[in-house]
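The structure appears below as structure tokens.
Read-outs: derived from the displayed coordinates by stated rules, not from any lab. No experiment lies behind these values; they were computed from the predicted model shown. When we count neighbours, we look across all protein chains shown, and the Cβ atoms used for this are built from the backbone with ideal geometry, even at glycine.
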Ligand SMILES: Nc1ncnc2c1ncn2[C@@H]1O[C@H](COP(=O)(O)OP(=O)(O)O)[C@@H](O)[C@H]1O
Ligand SMILES: [Mg+2]
């Protein structure tokens with residue numbers, strides 16, 4: 001195929017882009033800042049918009065358009081994606097062909113519209129691949145065998161749980177229990193037990209630094225800053241890893257329940273394969289301390305974190321670009337703009 005191959009992981013927390021022959025060329029938070037007055041003119045996108053979260057004046061709205069795994073603000077998602085695609089594709093003579101991955105909870109109409117946006121923004125052809133499938137490929141799993149593998153991809157807004165066999169998804173489910181929910185639980189905990197309100201970025205920092213999905217043998221603690229919610233004054237407080245665990249433990253129970261419910265509806269042969277092969281954890285959530293141990297102890301099935309879990313999906317799109325002939329057997333094919341929207345421009 002002429003033109004460059006490009007892979008995009010349109011995640012709820014971040015957008016990552018892979019370019020054939022170059023590797024991962026872009027990683028930016030899925031955030032966009034717009035002017036509320038001037039027809040929603042884009043002011044900043046990615047990292048610079050992320051820095052504005054919680055610090056924006058009234059006239060500017062800072063939006064995470066994919067926050068909960070649904071395209072909550074479609075026009076903003078379009079603007080953000082358009083910006084990145086144009087940055088990568090520019091005005092090339094041969095238009096690139098692009099693989100896009102999206103949270104599996106996104107509706108069919110939204111998927112079609114995303115393909116529409118991709119092709120309207122400079123791509124010649126576009127193809128959509130489910131995130132867990134790309135995650136499995138990126139985790140180095142040979143997905144084409146008639147052999148079941150379970151992927152648990154924990155992102156910011158959603159956790160996708162999928163059983164993959166023979167190059168496609170046999171069973172899958174998506175729950176809104178992921179990184180953002182953990183952050184919110186930490187915010188609630190700090191408010192209730194320490195009388196301090198903190199922003200989502202501070203909560204995320206606490207989670208990454210000392211959070212755990214399995215109680216740490218050696219407790220660790222850190223100092224964080226917030227605002228006393230009674231006096232309104234700045235306040236520093238100490239929080240321990242066990243406290244963070246307490247804050248998120250109900251969510252961990254729910255997450256486990258979701259994994260169990262997928263296993264329940266998985267045919268026995270595939271469950272047998274999963275028992276042998278183990279569960280593979282991808283996405284940023286897999287980095288939470290003790291996530292693999294927790295999953296393993298509570299399901300009784302071996303669980304392991306994929307290498308470089310944050311980049312599995314985008315790396316998977318890179319591998320997929322080279323193996324489109326194999327994926328085509330399962331209906332993953334590049335479509336032109338005419339084929340996607342059904343009409344010529
Ligand atoms: N070291 C870490 N420990 C715990 N959570 C982490 C860590 N690093 C990233 N995360 C969380 O992972 C989530 C982002 O994961 P990612 O796979 O990039 O999401 P998405 O695919 O939805 O964009 C965020 O909620 C972030 O806080
Ligand atoms: Mg993801």
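Sort 156-163, 217-224, 237-244 for me by packing, meaning the mean count of neighbouring Cβ atoms within 10 Å per residue, highest on top.
Ranking the peptides 156-163, 217-224, 237-244 by packing returns 156-163, 237-244, 217-224.
Could you check the spin-label model distance between residue 229 and residue 86? Points 7 Å from the Cα along Cα→Cβ, value in nm.
4.2 nm
Determine the principal axes of the Cα atoms in the stretch 278-345, then give the extent along each, sorted from largest to smallest and rounded to whole angstroms.
54, 23, 20
Could you give the length gained on full extension between residue 111 and residue 339, defined as 0.36 nm per residue of separation minus the Cα-Cα distance, in nm?
80.7 nm
Equivalent-ellipsoid semi-axes (√(5λ), Cα gyration tensor) for the stretch 179-247, whole Å, largest first?
With the √(5λ) rule applied to the stretch 179-247, the semi-axes are 20, 12, 10 Å.
Compute from the Cα atoms of the stretch 230-345 the Rg and the Dmax, the latter being the longest Cα-Cα distance, and quote both in angstrom.
When restricted to the Cα atoms of the stretch 230-345, Rg and Dmax are 21.1, 63 Å.
List residues of the stretch 93-130, by number, whose backbone nitrogen lies under 18 Å from a label position 7 Å along Cα→C-beta of residue 330.
In the stretch 93-130, the label zone of residue 330 (backbone N under 18 Å from the point 7 Å along Cα→Cβ) covers 99-106, 127-130.
Convex hull over the Cα atoms of the chain, averaged projected area in nm²?
18.6 nm²
Relative contact order of the stretch 179-247: what whole-number percent is it, with Cα pairs under 8 angstrom and at least 6 residues apart?
32 percent
Which whole-angstrom value gives the distance between the alpha carbon centres of the stretch 188-256 and the stretch 47-87?
Comparing the Cα centres of the stretch 188-256 and the stretch 47-87, I get a distance of 26 Å.
Describe numerically, in nm with one decimal, the distance between label points set 7 Å from Cα along Cα→Cβ at residue 166 and at residue 276.
It works out to 1.7 nm between the two label points.
Note down the relative contact order for the stretch 22-62 as a percent, whole number, built from C-alpha pairs under 8 angstrom at least six residues apart.
41 percent
On alpha carbon coordinates alone, what is the Rg over Rh value for the stretch 59-174, Rh being the Kirkwood radius?
Result: Rg/Rh = 1.01.
How many nm separate the modelled label positions at residue 264 and residue 39, each set 7 Å beyond the Cα in the direction of the Cβ?
If labels sit at residue 264 and residue 39, their model points lie 5.1 nm apart.
When a footprinting reagent is the concern and you count Cβ atoms within 10 Å, what order do 127, 89 take, fewest first?
Result, fewest neighbours first: 89, 127.
Counting only helical runs of four or more DSSP H residues, what would the 222 nm mean residue ellipticity of the chain come to if each run contributes -39,500 (n - 2.57) and the total is spread over all its residues?
Result for the chain, helices only: -11500 deg cm²/dmol.
Is any residue of the stretch 243-274 close enough, with backbone N under 19 Å, to a label point placed 7 angstrom from the Cα of residue 302 along the Cα-Cβ axis, and if so, which?
Those under the cut-off are 269-274.
Can you tell me what the convex hull of the Cα atoms of the stretch 1-129 projects to on average, as an area in nm²?
Convex hull of Cα atoms, orientation-averaged projection: 7.9 nm².
Work the Kirkwood hydrodynamic radius out for the stretch 71-135: mean of 1/r over every pair of different alpha-carbon atoms, inverted, in Å.
12.2 Å
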